[in-house]
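Structure first, commentary second.
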Amino acid sequence: EAGVAQSPRYKIIEKRQSVAFWCNPISGHATLYWYQQILGQGPKLLIQFQNNGVVDDSQLPKDRFSAERLKGVDSTLKIQPAKLEDSAVYLCASSYAGGQNEQFFGPGTRLTVL
Amino acid sequence: DQQVKQNSPSLSVQEGRISILNCDYTNSMFDYFLWYKKYPAEGPTFLISISSIKDKNEDGRFTVFLNKSAKHLSLHIVPSQPGDSAVYFCAASEGEYGNKLVFGAGTILRVKS
């Protein structure tokens with residue numbers, strides 16, 4: 001079974017630039033999550049999708065962050081414009097809908113904002 | 001406001017001995033708890049979980065204990081192996097199915113051979 005795929009693995013941008021991350025979840029997983037992990041902290045949920053609908057985006061900074069999952073499979077997370085404090089690892093995870101809360105994580109995208 | 005706390009940033013253990021990683025939580029609505037292991041440049045991988053209806057769950061060398069009255073859980077690894085060296089995250093959720101996870105800051109475990 002293929003795992004959660006993410007790209008790119010690393011990205012360096014200047015502040016005020018925009019950036020996008022891509023995630024392909026495990027086949028058959030209806031629930032998809034985006035987490036932000038700042039150095040020295042645990043992952044923090046940004047947004048949760050069930051198929052292509054948003055379940056929870058209460059911690060997503062909506063003035064600069066956006067995410068979509070148009071066909072209920074792949075997802076993209078965008079930051080525009082980026083700030084220095086957005087430097088973090090962005091993790092995508094997926095799980096079965098209605099399944100136990102065992103979430104499967106991708107390798108993450110390490111973003112550095114200069 | 002940290003709802004899940006791992007107060008030990010790091011732990012060093014001799015190979016073959018027991019590793020005990022601790023986690024405290026403040027939200028009484030949490031009723032499902034998980035431990036994840038993370039190697040450098042990889043995403044977290046699920047290790048073991050426990051529902052609030054239990055006080056212990058065992059899987060091979062890994063055992064998780066839950067003390068609901070103290071809002072405390074711990075992960076025991078016996079015997080510890082060098083390959084166990086990683087960052088361990090405690091996570092909690094309200095409900096066992098399809099709910100967001102709230103993570104602690106993690107504990108770096110080093111197992112010395």
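The values are calculated or read from the model by the stated rules, or taken from the named source; none is laboratory data. This is a predicted model, so every value here is computed, not measured. Here the Cβ is made from the backbone with ideal geometry for all residues, glycine too, and neighbour counts use every protein chain on show. Quick note on the areas: whole protein, heavy atoms, side chains included, nothing else; ligands and nucleic acids left out. Shrake-Rupley method; radii C 1.70, N 1.55, O 1.52, S 1.80 Å.
Looking for something outside any strand (DSSP E or B), open to solvent by 60 Å² or more (accessible area, probe 1.4 Å) and touching a strand residue (DSSP E or B) at 6+ places or on another chain (Cβ under 7 Å) - is there at least one such residue anywhere in the range B:41-53? No, because not a single residue in the range B:41-53 is outside any strand (DSSP E or B), open to solvent by 60 Å² or more (accessible area, probe 1.4 Å) and touching a strand residue (DSSP E or B) at 6+ places or on another chain (Cβ under 7 Å).
Checked against (1) farther than 17 Å from A:Val113 by Cβ; (2) modelled with pLDDT of 95 or more, A:Lys78 passes all but condition (1). Checking the stated criteria, B:Lys71 turns out to be over 23 Å from B:Lys112 (Cβ atoms) and of a type in the set (D, E, K, R). Selection over the range A:58-103 of residues that are in contact (Cβ under 8 Å) with a residue 60 or more places away in the chain, open to solvent by 70 Å² or more (accessible area, probe 1.4 Å) and within 14 Å of another protein chain (Cβ to nearest Cβ) gives a count of 1. For the range A:104-114, the set of residues classified as open to solvent by less than 30 Å² (accessible area, probe 1.4 Å) and of a type outside the set (Phe, Trp, Tyr) consists of A:Gly106, A:Gly108, A:Thr109, A:Leu111, A:Val113, listed by residue number. The number of residues in the range B:67-91 being in contact (Cβ under 8 Å) with a residue 60 or more places away in the chain and surrounded by fewer than 21 Cβ atoms within 10 Å (Cβ to Cβ) comes to 5.
Looking at (1) in contact with a Phe, Trp or Tyr (Cβ under 7 Å, 6 or more places away or on another chain); (2) under 20 Å from B:Lys37 (Cα atoms), which one does A:Ala88 not meet, given that it meets all the others? (1) is the only condition that A:Ala88 fails.
From the list B:Ser69, B:Ser8, B:Ser80, which one is touching a Lys or Arg at 6+ places or on another chain (Cβ under 7 Å) and assigned to a loop (DSSP other than H, G, I, E, B)? Break it down stepwise before answering.
Values: B:Ser69 fails: touching a Lys or Arg at 6+ places or on another chain (Cβ under 7 Å); B:Ser8 fails: touching a Lys or Arg at 6+ places or on another chain (Cβ under 7 Å).
Just a single option satisfies the conditions, and that option is B:Ser80.
With respect to the conditions (1) crowded, with 20+ Cβ neighbours inside 10 Å; (2) within 30 Å of A:Gln6 (Cα to Cα), B:Val64 lacks only one, and its number is (2).
Filter the range A:2-25 down to residues that are part of a loop (DSSP other than H, G, I, E, B) and farther than 22 Å from B:Ala86 by Cβ, then give me how many there are.
Kept after step one, since they are part of a loop (DSSP other than H, G, I, E, B), are these residues of the range A:2-25: A:2-4, A:8-9, A:14-18, A:25.
Imposing the further condition that a residue be farther than 22 Å from B:Ala86 by Cβ reduces the set to A:2, A:8, A:14-18, A:25.
Result for the range A:2-25: 8.
Restricted to the range B:92-106, and to residues there that are facing chain A (nearest Cβ under 7 Å) and under 17 Å from the mean Cα position of the chain (by Cα), the residue that is most open to solvent (accessible area, probe 1.4 Å) is B:Lys100. If you go through the range A:93-108 and keep only what is of a type in the set (Gly, Ala, Ser) and either modelled with pLDDT under 85 or in contact with a helix residue (DSSP H, G or I) (Cβ under 8 Å, 6 or more places away or on another chain) (or both), you end up with A:Ala97, A:Gly98, A:Gly99.
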